[in-house]
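Since the structure comes first, as structure tokens, the remarks are kept for the end.
The values are calculated or read from the model by the stated rules, or taken from the named source; none is laboratory data. All values derive from a computational prediction rather than experimental measurement. Cβ placement follows ideal geometry from the backbone for every residue including glycine, while neighbour counts extend to all protein chains displayed. Surface accessibility is based on the protein's heavy atoms, side chains included, excluding ligands, DNA and RNA. Shrake-Rupley method; radii C 1.70, N 1.55, O 1.52, S 1.80 Å.
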Amino acid sequence: MVRVHNFNVSSDGYGAGDGQSLERPFGHADPAALFSWTGATASWPTRTEPGGSRGLDDYLVRDFHRNIGAEIMGRNKFGPQRGPWADHGWKGWWGEEPPFHTPVFVMTHHERPSFSLSDTTFHFVNGSPAAVLELALEAADGKDVRLGGGANTIRQFLDADLIDTLHVAVAPVELGRGSRLWNSPDDLLDWYHRDIVPSPTAGVVHHLFWRR
């Protein structure tokens, strides 16, 4: 199964803003406006104080790693660089302990050698969504593949009809420009069933899609 899970967009469908840089990974978007619901849960991995919300939001945070054997992401999610790699010093946004704990396949036109940090190995592959998915499914060894984003990468897999389920959290903020997942969530209804569930504690609305 190929899953999109805990992917966050603005109310006008953008997963990130314009002007991504090392200092601003989400461009002109404020990541707190998109992701604050996750950090407020009891199960958020970097929580340093007791407490936090339970219920649906917490379940979705915990479900992020359930039965995941590999991840696929786009080059823009891995880092702010564009074009050929100037060097191989950049290892991602996540430090020495990336949160994936599986093989990660980074889609890019500019390949580089694989490397490992803790229990995560990053592979850099140039191929179609179907070809990259074949590699990820083999690495997942019977488990699910999580499609991590960004929006342009998810859109490529949607257009190729390769996604089984999606969870998209829609935040009550407009971005106006950037990397867009959809014009409207209704765009997917010819291919997916959908449930819409407002967060019980945060301002986001969860859109849960599964293949017809």
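Only one of the listed residues (A33, A86, A29, A40) is without any contact (Cβ under 8 Å) to a residue 24 or more places away in the chain, farther than 24 Å from I163 by Cα and among the hydrophobic types (A, V, I, L, M, F, W, C). That residue is A86. Pairs are defined by a Cβ separation below 6 Å, a sequence spacing of at least 6 or placement on different chains, a first member in segment 187-212 that is without any contact (Cβ under 8 Å) to a residue 12 or more places away in the chain, and a second member that is surrounded by fewer than 18 Cβ atoms within 10 Å (Cβ to Cβ) and of a type in the set (A, V, I, L, M); the pairs so defined are P198/V205. For segment 1-26, a tally of residues being touching a residue at least 60 places away in the same chain (Cβ under 8 Å), open to solvent by 20 Å² or more (accessible area, probe 1.4 Å) and of a type in the set (S, T, Y) returns 2. Is it the case that R75 is open to solvent by less than 50 Å² (accessible area, probe 1.4 Å) and of a type in the set (D, E, K, R)? Considered against the rule, which asks whether it is open to solvent by less than 50 Å² (accessible area, probe 1.4 Å) and of a type in the set (D, E, K, R), R75 comes out as yes.
Would you check which residues across segment 121-159 are assigned to a loop (DSSP other than H, G, I, E, B) and open to solvent by 50 Å² or more (accessible area, probe 1.4 Å) and list them?
Listed by number, the residues that qualify are N126, S128, D141, G142, K143.
Restricting attention to segment 28-44, the residues being assigned to a loop (DSSP other than H, G, I, E, B) and at pLDDT 90 or above number 3. Condition test on T121, is it out of contact with any Cys (no Cβ under 8 Å at 6 or more places or on another chain) and either in contact (Cβ under 8 Å) with a residue 24 or more places away in the chain or under 21 Å from R24 (Cα atoms) (or both)? So T121 does not fit the description; no.
Within segment 86-120, the residues that satisfy the criterion of being under 21 Å from N6 (Cα atoms), hydrophobic (A, V, I, L, M, F, W, C) and open to solvent by less than 60 Å² (accessible area, probe 1.4 Å) are F100, V104, F105, V106, M107. Identify the single condition in (1) open to solvent by 50 Å² or more (accessible area, probe 1.4 Å); (2) in a loop (DSSP other than H, G, I, E, B); (3) farther than 30 Å from A202 by Cβ; (4) not charged (D, E, K, R) that G83 does not satisfy, given that it satisfies every other one. Of (1) open to solvent by 50 Å² or more (accessible area, probe 1.4 Å); (2) in a loop (DSSP other than H, G, I, E, B); (3) farther than 30 Å from A202 by Cβ; (4) not charged (D, E, K, R), only one is false for G83: (1). Taking the criterion of being outside any strand (DSSP E or B), touching a helix residue (DSSP H, G or I) at 6+ places or on another chain (Cβ under 7 Å) and buried (at least 21 other Cβ atoms within 10 Å of the Cβ), the residues of segment 160-201 that qualify are I163, A171, L181.
Of everything listed in (1) touching a residue at least 40 places away in the same chain (Cβ under 8 Å); (2) open to solvent by 40 Å² or more (accessible area, probe 1.4 Å); (3) closer than 19 Å to S199 by Cα, the single unmet condition for R54 is (1). Would you pick out the residues in segment 50-67 that are in contact with a His (Cβ under 8 Å, 6 or more places away or on another chain) and closer than 25 Å to A136 by Cα? Within segment 50-67, L60, D63, F64, H65 qualify.
Summed over segment 45-80, the residues that are polar (S, T, N, Q) and assigned to a loop (DSSP other than H, G, I, E, B) give a count of 3.
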